[in-house]
Amino acid sequence: MFSRVFGRFDVWALTLLRVVTGFLFWQHGAGKLFGLLGGDTVEFLTLRWFAGVLEFFGGLAVGVGLFTVPVAFLLSGEMAFAYFISHAPGGFWPIQNNDERAILFCFIFLYLATVGGGRLTLDGLFFSRDSGEEE
């Protein structure tokens with residue numbers, strides 16, 4: 001019953017998930033690169049700086065739905081890498097190392113990489129599948 005009621009909003013739910021995830025992720029990059037939002041800037045050309053570049057520009061791209069599938073796939077990999085390199089040494093379980101965020105971002109981006117950004121994206125605006133061919 002609930003799927004019939006809420007299923008009508010699947011496009012909007014996917015769009016909202018993509019926009020909010022991109023906005024939240026963008027903030028991590030803004031903190032690393034520019035010291036915004038209470039973040040500490042990181043040293044240029046370090047691993048954390050490259051992560052900041054991916055988070056800032058990738059978060060923006062996912063948020064507006066531009067190149068959603070490849071960018072989300074790349075960001076999913078970044079979060080998996082970040083978890084095992086930076087967080088897992090503090091304890092394997094996310095509750096031990098206090099970073100469920102990396103895992104959530106990883107799997108949300110993996111989901112977006114498989115389903116795309118939905119119908120309300122810049123991808124859909126710029127790269128319409130309508131080739132103009134007549135059938």
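Every read-out reported here was derived from the displayed coordinates using simple, explicitly stated rules and does not represent laboratory data. Please read all numbers here as calculations on a predicted model, not as lab measurements. Heads up, the Cβs are rebuilt from the backbone with ideal geometry, glycines too, and the neighbour counts pull from every protein chain shown.
Tell me the angle of helix 68-82 to the major Cα principal axis of the chain, expressed in degrees between 0 and 90 and rounded to the nearest ten.
For helix 68-82, the angle is close to 20 degrees.
Between the range 10-28 and the range 103-122, what is the C-alpha centre distance in whole Å?
Comparing the Cα centres of the range 10-28 and the range 103-122, I get a distance of 8 Å.
Sorted by packing (mean other beta-carbon atoms within 10 Å per residue), highest first, where do 91-99, 77-85 land?
77-85, 91-99
Quick check: residue separation of F57 and L122 times 0.36 nm, minus the Cα distance between them. What number comes out in nm?
So the chain would gain 21.9 nm between F57 and L122.
Taking only C-alpha pairs under 8 Å that are 6+ residues apart, what is the relative contact order of the range 12-118 in percent?
Result for the range 12-118 is 28 percent.
With r as the distance between the Cβ atoms of F9 and D40 and R0 = 30 Å, compute the FRET efficiency 1/(1 + (r/R0)^6) and round to 0.05.
0.15
Assign unit charges at the C-beta atoms only (+1 for Lys and Arg, -1 for Asp and Glu), then state the dipole size of the chain relative to its Cα centre in Debye, rounded to the nearest 20.
380 debye
Translational D (Stokes-Einstein, µm²/s) of the range 40-100 at 25 °C and 0.890 mPa s when Rh comes from the Kirkwood sum over C-alpha pairs?
194 µm²/s
Taking the Cα atoms of the range 12-118 alone, what are Rg (to one decimal) and Dmax (as a whole number) in Å?
For the range 12-118, the Cα-based Rg and Dmax read 13.4, 39 Å.
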